[in-house]
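*Asks:* My questions all concern the structure below.
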């Protein structure tokens with residue numbers, strides 16, 4: 001006697017369960033892709049803000065260099081032939097009582113700057129510009145500037161040009 | 001597949017699609033704004049640096065001419081300020097619509113008391129300011145720093 005063949009009956013539970021997980025999966029993919037695009041946009045805005053901040057720091061340092069160079073071309077021109085380490089002690093050619101403080105630190109456009117170093121330049125035929133290194137006290141950003149000097153003894157040196165030369 | 005399941009799946013998908021579309025929309029508009037600001041930043045940068053360079057070159061030529069003529073400095077610092085304004089007017093190429101450029105004697109308007117005190121004994125100088133799209137860049141240009149005068 002042949003046994004009755006049992007045909008597989010599709011399970012109601014398996015058929016019923018596929019649509020909901022599928023919609024959850026697709027929704028998750030949609031949301032995750034949107035979130036990643038949003039994160040990228042945020043990152044882009046943050047980079048643009050950082051670039052603007054960097055340019056403003058450059059502006060502040062360039063302005064500070066103008067200020068220092070202008071001061072060094074005035075009453076503080078006597079400091080031009082000396083390295084900055086000697087300014088406090090051996091400002092021999094300067095007027096009595098002249099303080100080096102105005103060229104050692106200051107404030108320009110609400111940014112406080114500090115002179116890190118000054119290496120004197122050489123005027124004349126073998127001319128070499130002096131090197132002025134400045135930093136902003138906020139963020140400790142430093143830049144190097146070249147200061148062209150002119151003049152020959154017995155006249156004091158004078159500033160004739162200023163340009164940024166990097167970090 | 002029951003009707004309840006279909007309804008539930010549709011609801012979940014519709015909510016997710018709606019939120020996702022909103023997020024994409026806001027991300028795209030942020031991106032567009034960031035790109036516009038970036039372009040403005042580059043234009044402003046170019047304008048400011050071009051004018052600063054023009055001033056620097058004109059100052060170097062003036063100092064050289066004065067040196068050739070045997071003068072130590074070409075002019076007084078007050079004359080140098082007027083001369084710089086003239087040079088800026090000569091060098092001024094048409095600005096893009098969104099960018100404006102201004103020069104001002106220090107102290108700059110936003111600095112007030114602190115800068116006023118700090119700059120009281122400083123040689124005369126000009127602030128070169130370029131702005132647009134809510135971005136402002138400013139740089140000081142001191143004629144004495146370029147050999148145009150001696151304070």
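*Asks:* Which of (1) within 14 Å of chain B (Cβ to nearest Cβ); (2) assigned to a helix (DSSP H, G or I); (3) free of Cβ contacts under 8 Å to residues at least 60 places away in the same chain; (4) more than 18 Å from residue B:141 (Cβ to Cβ) is the odd one out, the single condition residue A:85 does not satisfy?
*Replies:* Unmet condition: (1).
*Asks:* State yes or no: is residue B:66 out of contact with any helix residue (DSSP H, G or I) (no Cβ under 9 Å at 6 or more places or on another chain), more than 28 Å from residue A:57 (Cα to Cα) and crowded, with 17+ Cβ neighbours inside 10 Å?
*Replies:* Working: out of contact with any helix residue (DSSP H, G or I) (no Cβ under 9 Å at 6 or more places or on another chain): yes; more than 28 Å from residue A:57 (Cα to Cα): yes; crowded, with 17+ Cβ neighbours inside 10 Å: yes.
When the stated conditions are applied, residue B:66 passes them.
*Asks:* In the range A:15-56, which residues are surrounded by 16 or more Cβ atoms within 10 Å (Cβ to Cβ) and either closer than 20 Å to residue B:6 by Cα or more than 8 Å from chain B (Cβ to nearest Cβ) (or both)?
*Replies:* Within the range A:15-56, A:19, A:20, A:23, A:27, A:30 qualify.
*Asks:* Of the residues A:130, A:151, A:164, only one is within 29 Å of residue A:55 (Cα to Cα) and within 12 Å of another protein chain (Cβ to nearest Cβ); which?
*Replies:* Numbers: A:130 fails: within 12 Å of another protein chain (Cβ to nearest Cβ); A:151 fails: within 29 Å of residue A:55 (Cα to Cα).
Residue meeting the stated conditions: A:164.
*Asks:* Inspect the range A:92-100 for any residue being surrounded by fewer than 19 Cβ atoms within 10 Å (Cβ to Cβ) and either in contact with a helix residue (DSSP H, G or I) (Cβ under 6 Å, 6 or more places away or on another chain) or assigned to a helix (DSSP H, G or I) (or both) and give the result as yes or no.
*Replies:* Checked against the condition, which is being surrounded by fewer than 19 Cβ atoms within 10 Å (Cβ to Cβ) and either in contact with a helix residue (DSSP H, G or I) (Cβ under 6 Å, 6 or more places away or on another chain) or assigned to a helix (DSSP H, G or I) (or both), the range A:92-100 yields at least one hit.
*Asks:* If you go through the range B:70-87 one residue at a time, how many are modelled with pLDDT of 85 or more and assigned to a loop (DSSP other than H, G, I, E, B)?
*Replies:* The total comes to 2.
*Asks:* Something else now. Go through A:64, A:50 for me and flag whichever is part of a helix (DSSP H, G or I), more than 30 Å from residue B:33 (Cβ to Cβ) and within 25 Å of the chain's Cα centre (by Cα).
*Replies:* Details: A:50 fails: more than 30 Å from residue B:33 (Cβ to Cβ).
None of the other options fit; the residue is A:64.
*Asks:* Scan the range B:6-52 for residues that are over 19 Å from residue B:134 (Cα atoms) and at pLDDT below 90 and report the count.
*Replies:* Step one: list which residues in the range B:6-52 are over 19 Å from residue B:134 (Cα atoms), which gives B:6-28, B:50-52.
Filter once more, so that each one left must be at pLDDT below 90: B:50-52.
Of the residues in that region, 3 qualify.
*Asks:* Considering B:58, B:40, B:27, which residue is in a helix (DSSP H, G or I), surrounded by 14 or more Cβ atoms within 10 Å (Cβ to Cβ) and touching a strand residue (DSSP E or B) at 6+ places or on another chain (Cβ under 6 Å)?
*Replies:* Working: B:58 fails: touching a strand residue (DSSP E or B) at 6+ places or on another chain (Cβ under 6 Å); B:27 fails: touching a strand residue (DSSP E or B) at 6+ places or on another chain (Cβ under 6 Å).
Sole residue among the options that is in a helix (DSSP H, G or I), surrounded by 14 or more Cβ atoms within 10 Å (Cβ to Cβ) and touching a strand residue (DSSP E or B) at 6+ places or on another chain (Cβ under 6 Å): B:40.
*Asks:* Quick one: how many residues across the range B:109-134 are modelled with pLDDT of 80 or more, over 16 Å from residue B:88 (Cβ atoms) and buried (at least 19 other Cβ atoms within 10 Å of the Cβ)?
*Replies:* Here is the first cut: in the range B:109-134, the ones modelled with pLDDT of 80 or more are B:123-134.
With the extra rule that they be over 16 Å from residue B:88 (Cβ atoms), the set shrinks to B:123, B:132-134.
If we keep only those that are buried (at least 19 other Cβ atoms within 10 Å of the Cβ) as well, we get B:123, B:132.
Selection size over the range B:109-134: 2.
*Asks:* Any residue at all in the range A:132-141 that is modelled with pLDDT of 90 or more and more than 21 Å from residue B:137 (Cβ to Cβ)?
*Replies:* For the range A:132-141, residues modelled with pLDDT of 90 or more and more than 21 Å from residue B:137 (Cβ to Cβ): present.
The values are calculated or read from the model by the stated rules, or taken from the named source; none is laboratory data. Quick caveat, the model's predicted, so the values are computed rather than measured. Cβ coordinates were reconstructed from backbone atoms using ideal geometry, including for glycine residues, and neighbour counts include every protein chain displayed.
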